[in-house]
Amino acid sequence: MIKIVPQVKSIKENDLQINFDEIILQGDLSEFAKKDLQSFITDKTEYYCSNKGYIIEFKILSDDHCKEWYSIDAQVNGMTVCACTEEGIFRAVTTLKQILSQPLCGFTLEDEPKNSFRGFMLDVGRYFYSVADVKTIIDYAALYKFNYFHWHLTEDQGWRFESHKYPKLTEIGSHRSHTNFGIKKESGFYTKYELKEIVQYCHERFIKVIPEIDMPGHTMSALACYPELSCFNRKLKVSTHWGIKFDIMCAGKDFTYTFCKDILDELCEIFTDEYIHIGGDEALKKRWELCENCNKKLKELGLDNMEQLQLYFANYLAEHLSTNGKQTIVWYNKFDEKDKIVPNKDIILQFWGTKKDVEFANVVKSGRRVVTSNSSGYYIDLPYGYITLADSYNTQGVTGIEDTKTIFGYETCLWTEYVKNLKKAKFNMFPRVFAISEIFWSGESNKDYQKFLQKLEFEKQFIRKFDVKVPRKGIYNPNGIRKFFSKLWFEKRQLVWQGLYLTIDNYLVKSKVKRSKKKKILRRGK
Ligand code: ACM
Ligand code: ZN
């Protein structure tokens, strides 16, 4: 059996043994794809490329297939690879890398994705990843046929996007004095030149880039640079520890809206693809509830509560982005279609709940576009004790939705609170990325875990060529005891999330606001 991950749509094999030592690549193959495949063959297989030997002929047809479709026909005297676009040829090349890494027999195959949005998210806010490391991760994503790179560029712990208009964001916001358990400073940001370099790197691999500036929460790194962005102009620090913070951008000040629009405009100059992510997760309303400006804005807009004010904030920025020709993605927060304000219909909602969260199916059924990064299966920052390989393979994209045509996109997320370097990233990615790529490309309705497991040994050997050593089965599919200890080890993070500090700080903010309100009343009374 020829083993390929993600599983191709159809394949027929025969008994013809195909033997050769040298390969010739010819036909409709871009210089980039040719070099990519040629160097793979020469460096990582038993063959080499020459101008005599077994011919692999590439043809771009004008047939009516989707842009990622391709077919491969392998005969004793040569192989033909057909597609309708360069993108289709590129996807075929990724499949050929696997095929040429195993004994060859005659076959014909046809392939195309079940889902046209297959995202890979990398958080570089918690830990900074160098340009070289980001490229390595993009290489893995390309190898497994992901076609969107969601780049989470800003976090409480670090601002990584160079802004010319607001230079303090990187001068101050890209450094944290130390990390959760470490004492060392952690720093880094990408210049505009480097950001563009990554966009081009993705485009060469037919991956589109979705940059994310997370707003209004997870913005301590920005508030540390521009205190006027926060509700009480407090002098804050770039966060050292993980955890949901109480200080977020103020939704009542004009400056916040100006700042966000300016940043998004700068972002749109660099990132030329159609989607921009504006975050929106875990924005607690502790400060907004106390803030005069936020309360004034709420009243002016005639809204019922601060959750609705956040919807207003997101809609406002989405409308601004649409004037730049962009579509907006936000992390999903619960809302009711009957509320005074709901997310604009053209906003894409990214689901990050768990399989227990069954109401989300109604959002899909209502016809809204959704991307699912169901955190019961597609969150690969979590230890294998929480999300085993089997979980990644078997988790449904949206619980209760069998008709996956109604799901706009799928995405896997590599958050990095506890993934401090490329080595750990690789450990967390593989083998889960094998499983996830298969669900995303081949479709939920075609999944077959037992068949997938039959390919796993080959896949582990294959990915070794790319400097990845997949951990033992006991690690990625742990038994009950291992699971328990894996979770326990991870949950040591609860000891350092600074909850007590936040509670005390919140008490101080509350008291100060109370005192200042009292003073105002007294002054008015005089
Ligand atoms: C998230 O996991 N905070 C989207
Ligand atoms: Zn405010």
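Give the order of His164, His241, His65, His277 when sorted by the count of other beta carbons within 10 angstrom, beginning with the fewest. Walk me through the numbers on the way to the answer.
Details: His164 9, His241 20, His65 16, His277 25.
Listing His164, His241, His65, His277 from fewest to most nearby Cβ atoms yields His164, His65, His241, His277.
Tell me, what HN-Hα J-couplings in whole Hz come from the Karplus equation 6.51 cos²θ - 1.76 cosθ + 1.60 at θ = phi - 60° for each residue of region 174-188, using x for Gly and Pro?
Calculated HN-Hα couplings, in order: 9, 10, 10, 5, 6, 10, 2, 10, x, 10, 7, 5, 10, 9, x Hz.
For the chain, what does -39500 (n - 2.57) per DSSP helix run (n ≥ 4), summed and divided by total residues, give at 222 nm, in deg cm²/dmol to the nearest 500? Before the final figure, lay out the partial values.
Details: 18 runs with 201 residues, N = 526.
Result for the chain, helices only: -11500 deg cm²/dmol.
Does anyone have the angle between helix 254-270 and the longest principal axis of the chain? Alpha-carbon axes, 0 to 90°, nearest 10?
With both axes taken from Cα atoms, the answer is about 20 degrees.
Over region 386-483, what is the mean sequence separation of C-alpha contacts under 8 Å (at least six apart), divided by residue count, expressed as relative contact order in percent?
On the way: 53 pairs, mean separation 40.7, N = 98.
Relative contact order comes out at 42 percent.
By counting other Cβ atoms within 10 Å of each Cβ, how are Arg126, Arg368 ranked from fewest to most? Show your work: numbers first, answer last.
On the way: Arg126 24, Arg368 19.
In increasing order of surrounding Cβ atoms, one gets Arg368, Arg126.
Using each residue's phi in region 336-349, evaluate 6.51 cos²θ - 1.76 cosθ + 1.60 at θ = phi - 60° and report the 3J(HN,Hα) Karplus result to the nearest Hz, with x for Gly and Pro.
So the J values, rounded to whole Hz, are 10, 4, 8, 5, 4, 9, 10, x, 3, 4, 8, 7, 8, 9.
May I ask you to evaluate 6.51 cos²θ - 1.76 cosθ + 1.60, the Karplus curve with θ = phi - 60°, for each residue of region 212-228 and list the ³J(HN,Hα) values in order in whole Hz, giving x for glycine and proline?
10, 10, 7, 8, x, x, 6, 10, 4, 5, 7, 5, 5, 8, 10, x, 5
Between region 386-430 and region 3-67, what's the alpha-carbon centroid distance in Å?
Between the Cα centre of region 386-430 and that of region 3-67, the gap is 30 Å.
State to the nearest 20 debye the size of the charge dipole of the chain about its Cα centre, where the only charges are +1 on K and R beta carbons and -1 on D and E beta carbons.
3500
Sort Leu223, Leu290, Leu109 by Cβ crowding within 10 Å, fewest neighbours at the top. Show your work: numbers first, answer last.
Values: Leu223 26, Leu290 18, Leu109 21.
Starting with the residue having the fewest Cβ neighbours, the order is Leu290, Leu109, Leu223.
Is any residue of region 225-259 close enough, with backbone N under 18 Å, to a label point placed 7 angstrom from the Cα of Thr503 along the Cα-Cβ axis, and if so, which?
Taking a point 7 Å out along Cα→Cβ of Thr503, the residues of region 225-259 whose backbone N falls under 18 Å are 242-247.
Only the coordinates and a few stated rules stand behind these numbers; no lab work does. Note that the coordinates shown come from a computational prediction; the quantities given were computed from them, not determined experimentally. All Cβ positions, glycine included, derive from the backbone under ideal geometry; neighbour counts span all protein chains shown.
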